[in-house]
1. Restricting to the range 138-148, and then to whatever is assigned to a helix (DSSP H, G or I) and touching a residue at least 40 places away in the same chain (Cβ under 8 Å), can you tell me which residue is nearest to Gly185 (Cα to Cα)?
2. Can you give me the number of residues within the range 93-111 that are assigned to a helix (DSSP H, G or I) and either in contact with a Leu (Cβ under 9 Å, 6 or more places away or on another chain) or among the hydroxyl-bearing types (Ser, Thr, Tyr) (or both)?
3. Give me the pairs: first residue in the range 188-208 and of a type in the set (Gly, Ala, Ser), second residue modelled with pLDDT of 75 or more and surrounded by 10 or more Cβ atoms within 10 Å (Cβ to Cβ), beta-carbon distance under 8 Å, and six or more apart or on different chains, which are they?
4. Against the definition (of a type in the set (Lys, Arg) and without any contact (Cβ under 8 Å) to a residue 40 or more places away in the chain), how does Arg61 come out, yes or no?
5. Pick from Glu194, Glu149, Glu142, Glu161: which is at pLDDT below 85 and of a type in the set (D, E, K, R)?
6. Which one of these does Arg61 not meet: (1) more than 18 Å from the chain's Cα centre (by Cα); (2) basic (Lys, Arg); (3) part of a helix (DSSP H, G or I)?
7. If Arg69 meets every condition in (1) among the basic types (Lys, Arg); (2) under 17 Å from Glu159 (Cα atoms); (3) buried (at least 16 other Cβ atoms within 10 Å of the Cβ) apart from one, which number is that one?
Amino acid sequence: MLRYKRWVSSSPPDPIIPAGKRSVSEKYAMTARFGPDDVNKYKKFTKVDGATYHKVNAFLRKRTYITAREWALARLCTDFRTRSGAEMTFIGQHLPELVPFMQDQYTPQAVNQARNSFKQKVRKAGATFFYGAMCGFFTMEELDDLLFESSEVARFLLEVERTSLDIDEEIEIEDRITEIMRSVGKAAERILRERQEESQQAKDSGQVTGGESGEAPPS
């Protein structure tokens, strides 16, 4: 278990907009949908209050492929989403107020860049996971263990965020993922078995052909 209160506060690397250069108008500029009350009511990431960016980043990199920046901005893009998309400007301007370990504002372009980076890493991780399942490297039991371990890490990150899922929704998501992975595992086993059988048949056919070639034995 992480000991969050032992982390020491510091700023993340490569700030996008230095804190000292924020104008009053920028600090309080709001979109039509989101305002000061939304910032004040937002209580996510309070479990890492006082943590350094580097500590959060190191924790994530041991368990996932994402960075602290990508984690925070993916969460914010989900929570501050409108019909036309996430409120990039609002998120970037109020990033230090919304996430304790992010101490500098981001431009909308920087927010979008982190969002896209998160999506790309999830896609690559998904492709890697499915390849591992389909190529036959893992047994069905090992796949079940992988799913369990992955779900535990995901639950822990949601707990740190203070994001709660309805129990029925959580069970439905887990059941759907488990069903899909079991189907993939069974399909992979069938494909590998068929390939092995085809390979053996081709080998046996080659041996038979080789035995029939050459001159006939003398009478």
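The values are calculated or read from the model by the stated rules, or taken from the named source; none is laboratory data. Computed from a prediction, not measured in an experiment: that's the story for all the values here. Ideal geometry is used to build each Cβ from the backbone, glycine not excepted, and the neighbour counts take in all protein chains shown.
1. Met140
2. First, the residues of the range 93-111 that are assigned to a helix (DSSP H, G or I): 93, 95-98, 108-111.
Cutting the leftovers down to either in contact with a Leu (Cβ under 9 Å, 6 or more places away or on another chain) or among the hydroxyl-bearing types (Ser, Thr, Tyr) (or both) gives us 95, 98, 110-111.
Number of matching residues: 4.
3. Ala188/Ala133; Ala188/Met134; Ala188/Cys135; Ala188/Gly136
4. Values: of a type in the set (Lys, Arg): yes; without any contact (Cβ under 8 Å) to a residue 40 or more places away in the chain: yes.
Spelling it out, Arg61 is indeed of a type in the set (Lys, Arg) and without any contact (Cβ under 8 Å) to a residue 40 or more places away in the chain.
5. Glu194 is the lone residue from the list that is at pLDDT below 85 and of a type in the set (D, E, K, R).
6. (1)
7. (2)
Results for (1) under 26 Å from Val48 (Cβ atoms); (2) without any contact (Cβ under 8 Å) to a residue 24 or more places away in the chain; (3) in contact with a His (Cβ under 9 Å, 6 or more places away or on another chain); (4) assigned to a helix (DSSP H, G or I), shown as yes or no for each residue.
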{"site": "Arg123", "(1), (2), (3), (4)": "no, yes, no, yes"}
{"site": "Gly136", "(1), (2), (3), (4)": "no, no, no, no"}
{"site": "Leu157", "(1), (2), (3), (4)": "yes, no, no, yes"}
{"site": "Glu169", "(1), (2), (3), (4)": "yes, yes, no, yes"}
{"site": "Asp175", "(1), (2), (3), (4)": "no, yes, no, yes"}
{"site": "Thr178", "(1), (2), (3), (4)": "no, no, no, yes"}
{"site": "Val184", "(1), (2), (3), (4)": "no, no, no, yes"}
